[in-house]
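Here is the structure we will look at, set down as structure tokens.
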Amino acid sequence: MKRIVAKLWRLIRGPLQWRVLWFAHAKFMVGVTGVVRNDAGQVLLLKHRMWPPETPWGLPTGYAIKGEEFPLTIVREVKEETGLDVKPGRLVHVRSGYKLRVEVAYEAMHVGGTLKIDSFEILEAKWFHLNSLPTGMQETHRQLIGVPPSGR
């Protein structure tokens with residue numbers, strides 16, 4: 001039986017194989033987060049309109065679109081949400097195990113642009129030193145930037 005399946009698999013090469021794989025496997029959205037820093041070592045944090053009111057502050061984040069390379073997702077998201085330009089750096093985090101989502105985080109460096117927030121999604125955008133982060137910040141984002149939990 002295994003030989004027959006293997007032979008059939010080899011015969012349906014190309015697009016049909018991809019369709020079979022598509023229907024047979026789980027589908028995930030990929031959330032991409034950027035740990036964006038400036039030349040002064042500050043981190044960019046956004047006060048998100050759609051996040052819980054008790055924890056609205058966090059890093060720039062958004063979902064990858066089909067065919068987009070994940071480092072470019074953070075470039076696009078930061079530009080859309082803040083008007084700032086960033087250069088993506090190294091991968092710092094990957095997490096799976098959610099029902100429909102995978103999370104990926106990259107370091108990124110501010111390289112230009114003028115701060116202009118997207119008021120639909122973002123209430124405020126500020127640069128913070130690591131020793132003066134705002135209250136109401138996502139704990140997972142504190143960990144991504146290398147700051148111990150706030151003790152809430």
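The values are calculated or read from the model by the stated rules, or taken from the named source; none is laboratory data. For clarity, every value in this text was computed on a predicted model and none was experimentally measured. Cβ placement follows ideal geometry from the backbone for every residue including glycine, while neighbour counts extend to all protein chains displayed. These area figures cover heavy atoms from the full protein model, side chains too; ligands, DNA and RNA do not enter into them. Shrake-Rupley method; radii C 1.70, N 1.55, O 1.52, S 1.80 Å.
Key figures
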| item | result |
| --- | --- |
| Qualifying position, being open to solvent by 50 Å² or more (accessible area, probe 1.4 Å) and hydrophobic (A, V, I, L, M, F, W, C), among Ile117, Ile122 | Ile117 |
| Per-region count, the range 18-43, residues modelled with pLDDT under 85 and among the aliphatic types (A, V, I, L, M) | 4 |
| Among the residues listed as Leu91, Leu84, the single one being touching a Ser or Thr at 6+ places or on another chain (Cβ under 8 Å), in contact (Cβ under 8 Å) with a residue 12 or more places away in the chain and not charged (D, E, K, R) | Leu84 |
| All positions within the range 23-56 that are open to solvent by 60 Å² or more (accessible area, probe 1.4 Å) and within 11 Å of the chain's Cα centre (by Cα) | Met29 |
| Any chance Val78 is closer than 18 Å to Asp39 by Cβ, open to solvent by less than 50 Å² (accessible area, probe 1.4 Å) and of a type in the set (A, V, I, L, M) | yes |
| Unmet requirement for Thr73, which otherwise passes all of (1) within 11 Å of the chain's Cα centre (by Cα); (2) part of a strand (DSSP E or B); (3) at pLDDT 95 or above | (2) |
| Among the candidates Leu59, Leu91, residue that is in contact with a helix residue (DSSP H, G or I) (Cβ under 7 Å, 6 or more places away or on another chain), of a type outside the set (Val, Ile, Thr) and either open to solvent by less than 100 Å² (accessible area, probe 1.4 Å) or closer than 14 Å to Ala125 by Cα (or both) | Leu59 |
